[in-house]
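Taking it in order: structure first as structure tokens, then the write-up.
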Amino acid sequence: MTEANTGYDVIVIGAGIAGLVAANRAAQLGKRVVVLEKSTDDKYLCNSRYAYGTFHINFTDLGVAEDTLVAKIEAATSGFARKDLARAVAKDGRQLMQWLANEGIDLVNLGGYGTNVLAPPWREGFGLNWQGYGGDIALQRLGANFQKRQGRILRDTRARALKSIPLGMELEAEGAQKFRASCVVIADGGFQANIDMLRAYKISPAPEKLLARNSGTAVGDGLRMAQALGAAISEADMNNFYGHLHSRDAMTSTKFWPRPVTDDLAAAGIVIDASGRRVADEGLGGIYLSNAIARLPDPLGTTIVFDQAIWDGPPGRNHVQPPNPLVVEAGGTLHRAATIADLAATIGVAPKALQETVDQYNAAVDTGTLQNLSPPRRGDRYKAWPIKTPPFYAMPICSAITNTMGGIVVNGDGAVLDRHDAPIPGLFAAGSTVGGLDGGPHAGYVGGLIKATIGLRVAEKIAALEA
């Protein structure tokens, strides 16, 4: 082992937006900070670079009342979110926006819940196109600001192990490097790029059949190291993830992800398996459906069935980067037929089975008895459209995982908690490595970028502890 580097007050693991927010704020408050980033490139890949760039809480503007935002988190997670964590994020979201603006991060108002969007926003065309857009620019500026504050980002430095020592933490990195500091902040994302962990935590029995709608860099190192120190994990959420539905062609081409998503088509019509039967409650939306499909024995065996009215209407066209026409423009698979029977034959499903499924669904729409379907369907979140207007369409889809929802349990200040709900001295976490905010029985999504708020809290808590 090399002699430990002890010239720092704070070690941050991961140089995504949450890590750089924590690092910059701690440096602002007079702390000597080093950021360890395992990737080697100047523009190292992480989910923050791919992000759509919208800061929101459950698709709600951060400017509404704090109590309203807390209620949104409670509703999305069916009460499963930690109360102190929900309150912290709801309270400090606007503070994070102001802090980012002071850092020279440009935000634009695109209306609706998109009142705080990293600029320049990417909202055109299909496929993966991140360079020079909001997340990429934000990371470049935060990195430059950190260096002006005498902070160091050490690339090609992957954290491997943590242990508690008197007055702080010792971190071991690849290459026999050691670092010591009074505090460590874990901000290396979730475990969405770790196939073994996806299987172990029951995200999917066949995780290799999920679309990796992510940078491929978050492999659960921070989660593993925290658990080795006795940290608790958000058990109820470990099998949930944030993701979307995409044309199955996305499994072989980046033209079809991260945009367009096909969630709205699925929420308007029906999602069937190879037997022609519905697989889950489409009325809970695309994120829930992505999770439900991932848990099927074959996550690549589902298809959305819809009609011309859905394809030409709001479900097909109203998203800023809609499946109609972008899936077609990208050369994606879209089956079309004059009748449901002909459509079934085209996609290899028994015509009688698919006709029965569609007829039962249409009858439930007509009579307002969606809850009596098997599986039942909600009608309060997304409108259930009848499938009656020819021609009829079938789009093979895949379930795409962006980031895991479960992770390290922290309190409202980002302090990592042990299995008895007590803080582990010197250990903090921020960003998507944190559990206990998203999740619940319907994979409720609170927001990804908003978890950078915890980075601010962590830095300020560390400064207060050592004042």
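Normalized C-alpha radius of gyration of the chain, against 2.2 N^0.38 Å?
It is 1.00.
Rounded if a/c is under 1.5, else prolate if a/b beats b/c, else oblate: with a ≥ b ≥ c from the C-alpha gyration tensor eigenvalues square-rooted, which is region 4-132?
In terms of gyration-tensor shape, oblate.
According to the square roots a ≥ b ≥ c of the eigenvalues of the Cα gyration tensor, what is the shape class of region 411-467, taking rounded for a/c under 1.5, prolate for a/b larger than b/c otherwise, and oblate for the remainder?
Oblate.
Do any trypsin sites (Lys or Arg not before Pro) in region 166-221 lie in a DSSP loop with no more than 15 other beta carbon atoms within 10 Å, and if so, which?
Taking region 166-221 and a limit of 15 other Cβ atoms within 10 Å, the loop trypsin sites (Lys or Arg not before Pro) found are Lys202.
What are the aspartates and glutamates whose alpha-carbon lies under 17 Å from the alpha-carbon of Lys202, with same-chain residues fewer than 8 places away excluded?
Those aspartates and glutamates meeting the cut-off are Glu235, Asp237, Asp298, Asp438.
Calculate, in nm to one decimal, what Ala350 and Ser164 gain on full extension: separation in residues at 0.36 nm each, minus their alpha carbon distance.
Here the answer is 60.9 nm.
Any chance you could give the angle, 0 to 90 degrees and rounded to 10, that helix 66-76 forms with the longest Cα principal axis of the chain?
Compared with the principal axis, the helix lies near 50 degrees.
Any aspartates and glutamates with Cα under 12 Å of the Lys31 Cα? List them, leaving off those in the same chain fewer than 8 positions away.
Partners within reach: Asp9, Glu460, Glu466.
Please identify the longest segment of the chain free of exposed GluC sites (Glu not before Pro), where exposed means a DSSP state other than H, G, I, E or B and no more than 15 other Cβ atoms within 10 Å.
My reading of the result: 175-465 is the longest stretch.
Please turn the phi angles of region 413-419 into ³J(HN,Hα) values with the Karplus equation 6.51 cos²θ - 1.76 cosθ + 1.60 (θ = phi - 60°), one per residue in order, whole Hz, x for glycine and proline.
Coupling constants for region 413-419: 9, x, 6, 5, 9, 8, 6 Hz.
Whose amide H sits under 5 Å from the amide H of Gly407, counting only residues 5 or more places off or on another chain, with H placed in the peptide plane?
Close amide H contacts, sequence-distant or interchain: Ser234, Gly435, Gly436.
Extending each Cα 7 Å along its Cβ direction at Arg32 and Ala119, get the distance between those two points in nm, one decimal.
Roughly 3.9 nm, to one decimal.
Pull up the DSSP beta bridges for the chain and report the antiparallel fraction as a percent, rounded to 5.
Of the beta bridges lying entirely in the chain, close to 65 percent run antiparallel.
So, with a 1.4 angstrom probe, what is the percent of accessible area on the chain that is carbon and sulfur?
Result for the chain: 50 percent of the exposed heavy-atom area is carbon or sulfur.
Ala144 label point, 7 Å along Cα→Cβ, cut-off 18 Å on backbone N: hits in region 111-128?
Taking a point 7 Å out along Cα→Cβ of Ala144, the residues of region 111-128 whose backbone N falls under 18 Å are 118-121.
Can you tell me how region 65-193 classifies by the Cα gyration tensor, rounded, prolate or oblate, using a/c under 1.5 as the rounded cut?
Oblate shape, in that a/c is at least 1.5 and b/c is the bigger or equal ratio.
What's the angle, to the nearest 10 degrees (0 to 90), between helix 17-28's Cα axis and the longest principal axis of the chain?
20 degrees
To test your reading of the geometry: what angle, between 0 and 90 degrees and rounded to tens, separates the Cα axis of helix 452-465 from the longest principal axis of the chain?
Approximately 20 degrees, to the nearest ten.
Please compute the per residue accessible area over the chain with all protein chains in place, 1.4 Å probe, rounded to a whole number of Å².
37 Å²
Suppose the chain between Leu45 and Thr6 were pulled fully straight at 0.36 nm per residue; how much longer would it get relative to their current alpha carbon spacing?
Fully extending the segment from Leu45 to Thr6 adds 11.2 nm.
So if I take the centroid of the Cα atoms in region 111-131 and the same for region 197-246, what is the distance between those two points in Å?
Taking the Cα centre of each part, region 111-131 and region 197-246 sit 26 Å apart.
Once you've got the Cα coordinates, tell me which of Lys72/Lys461; Lys38/Lys72; Lys178/Lys461; Lys38/Lys461 are over 28 Å apart.
As for pairs spanning more than 28 Å Cα to Cα, those are Lys38/Lys72.
Would you kindly state how much longer the chain becomes between Ser253 and Arg155 on full extension, computed as 0.36 nm times their sequence separation minus their alpha carbon distance, in nm to one decimal?
Here the answer is 32.4 nm.
Would you mind computing, in nm to one decimal, how far apart the modelled labels at Ala236 and Lys91 are, each placed 7 Å from Cα along Cα→Cβ?
For the pair Ala236/Lys91, the computed spacing is 2.2 nm.
Return a whole-number percent for the relative contact order of the chain, with Cα pairs under 8 Å and 6 or more residues apart as the contact set.
In percent, rounded to a whole number, it is 24.
The values are calculated or read from the model by the stated rules, or taken from the named source; none is laboratory data. From a predicted model like this one, the values you see are computed outputs, not experimental measurements. So basically every Cβ, Gly included, is an ideal-geometry build from the backbone, and we count neighbours across all protein chains shown. In case anyone asks, the SASA skips ligands and DNA or RNA and just uses the protein heavy atoms, side chains included. Shrake-Rupley method; radii C 1.70, N 1.55, O 1.52, S 1.80 Å.
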